[in-house]
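Comments concern the structure below.
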Amino acid sequence: MREGRPGGRVRCRRSGRHQPRSGVHEGTARASDEEKLLLLEHADSSAITVLHQEGDYAGLQGRRPDGTWSPVPIRPDALQVLTGTLLTNWTEGRLRPGRHRVVADGSVTRRSSAVFVHPSLDTVVEPLPAFADPDGTDFEPVSVWERASGNV
């Protein structure tokens, strides 16, 4: 991963192979998804995240509005696009961040590559005029540099 500095454009991360151990022994019940978390529930701090997945199981799960989790299928011919918290700020909350997590599935393998898209690091993000509420906003301006440097 590249360290972010003013003037930077995009932060890229390619994760290594995940080869988790299931922790489930023969004759016992399968562990719940909560017991197999590789990456805790979160929303990315980018504007958007573009993700490509490979592997033997769909470990990425997206959170539905009702709070349940849904697996994101692995499609070798597709990219997943997740909204981030910066986009939520720009749209005055009209586009919510995509909350997601990653779970293990026994001893099989998955790989993912992600590109986190940010505006220039010297940008201050606040609701765009097209989305701004004339009665005021609940979204404070946020410095992209401060947000990005807090995630390194």
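Bear in mind these aren't lab numbers, they're just calculated from the coordinates by the rules spelled out. Just so it is clear, the model here is predicted, and its values are computed rather than measured. Don't worry about glycine lacking a Cβ; one is built from the backbone with ideal geometry, like all the others, and counts go over all protein chains shown.
Brief remarks follow.
- Taking amide hydrogens as placed 1.01 Å from N in the peptide plane, the amide H of residue 45 sits under 5 Å from those of 85, each at least 5 positions away in sequence or on another chain.
- Stokes-Einstein D for region 79-132, Kirkwood Rh over Cα pairs, 10 °C, 1.306 mPa s (µm²/s): 117
- Each 5 Å bin from 0 upward holds the following percent of the Cα-Cα pairs of region 35-140: 2, 12, 19, 20, 17, 12, 9, 5, 3, 1, 0.
- When the Cα gyration tensor is reduced to axis lengths a ≥ b ≥ c, the ratio a/c is 1.5 or higher for region 42-98, and with a/b not above b/c it is classed as oblate.
- Put simply, when 65-76, 115-126 are sorted by average Cβ atoms within 10 angstrom per residue, most first, you get 115-126, 65-76.
- Separation in nanometres of the label points that stand 7 Å from Cα toward Cβ, at residue 38 and residue 149: 3.2
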